[in-house]
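Readers should treat all values here as calculations from the given coordinates under stated rules, not as data from a laboratory. Every value quoted in this text rests on a predicted model; they were computed, and no experiment measured them. As a convention, Cβ positions derive from the backbone with ideal geometry for all residues, glycine included, and neighbour counts pool all protein chains shown.
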Amino acid sequence: MGDGRVPVTVIGLGMMGRALARAFLAGEHPTTVWNRTAGRAEELVAAGAAGADSVAAAVSASPLVVVCVRDYQAAYEILGPVSDALTGRLLVNLTSGTSAQARAMAGWAAERGAGYLDGAIMMTPPGIGTAEAVILYGGPSETFAAHRPALTALGGGTIHLGADVGLASVYDVALLGIMWSTFNGFMHAAALVGSENVPATTFLPLARQWLTGVASFLTPYAEQIDTGDYTASDATLETHLSPVEHLIEESRARGIDATAAEYTKRLVEEAVANGHALDSYARIVEHFTPAPRA
Ligand SMILES: NC(=O)c1ccc[n+]([C@@H]2O[C@H](COP(=O)([O-])OP(=O)(O)OC[C@H]3O[C@@H](n4cnc5c(N)ncnc54)[C@H](OP(=O)(O)O)[C@@H]3O)[C@@H](O)[C@H]2O)c1
């Protein structure tokens, strides 16, 4: 084990927890592991980790305690009985949850004299420890800065979002929403071209190129959202309307579900009916922002 590397404990050795522990081992951190179901630590112990025989022993082994389990309830069930052992340590919770859960757990940790960072992992287990792995953190800047060297072992994209521990969870679901919309768009497209006997693999290169272009469209849209000036520099909402109708027509003609396209049409029609026909697509953000923006 590398001299001077912060000892780390990983609690929860599911698919993600095992990947996290492997990355800490690869970074030469003295690594202690614990899991509810015994046996999941074996591969890690063989790779050099210390297998703790109790949660209390696992927590006491390291100043940095990383927990990654199914949900917050599981984290409380594990840590609740040994919470006194957390005093003076940093708890880094990489379990997925909501911002309210993250804020509540930060308070719970503070009551026990423990530091707290909440993280969201934007990567699957095989990518943990690579330069591409993005892990988002919220919590006190000085706490993050002090532990950044150890946390960087988990991925090149180690990002501190700010002092608010709830922010990582909000970014997490926001980014996942983009992912699912994109997945659904691709599945719909694959079904459309597939109905003309075009294999998805043939369509894929153009789809990927198109996504790169679409990503670039977001730059002016983000600026327009922030300034509230939706002057179209690319296409007006009115211009979007006919192609959306074509997508619906082509889908229906093939017996393909057009619900997502119909939803898009409803959003555009709503904005046009509100007098925004000549604005850019960014105007649609108002549909998702019912409260007046500050
Ligand atoms: N996998 C991914 O691609 C991915 C990506 C981003 C974020 N995440 C997040 O990472 C977290 C873990 O995911 P995973 O993929 O590792 O899931 P997983 O393979 O299903 O592992 C779940 C872990 O939670 C533990 N657990 C569940 N209920 C428990 C309880 N009541 N008490 C104690 N331990 C309990 C399990 O212990 P046992 O072994 O004893 O059942 C296991 O260690 C989740 O919050 C997930 O959303 C996962």
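For residue 103, what charge total do you get from the other residues with a beta carbon under 15 Å from its beta carbon, if Lys and Arg give +1 and Asp and Glu give -1?
Computed value for this residue: -4.
For the stretch 183-192, what does the Karplus curve 6.51 cos²θ - 1.76 cosθ + 1.60, with θ = phi - 60°, yield as ³J(HN,Hα) per residue in whole Hz, taken in order and with x for Gly and Pro?
4, 5, x, 5, 4, 4, 5, 4, 5, 5
Which residue fluctuates most in the GNM of the chain (Cα springs below 10 Å): 72, 116, 281?
Per the Cα network of the chain with a 10 Å cutoff, 281 tops the list.
State the extension gain, in nm to one decimal, for the chain segment bounded by residue 175 and residue 76, taking 0.36 nm per residue of separation less the distance between their alpha-carbons.
Computed gain between residue 175 and residue 76 is 33.0 nm.
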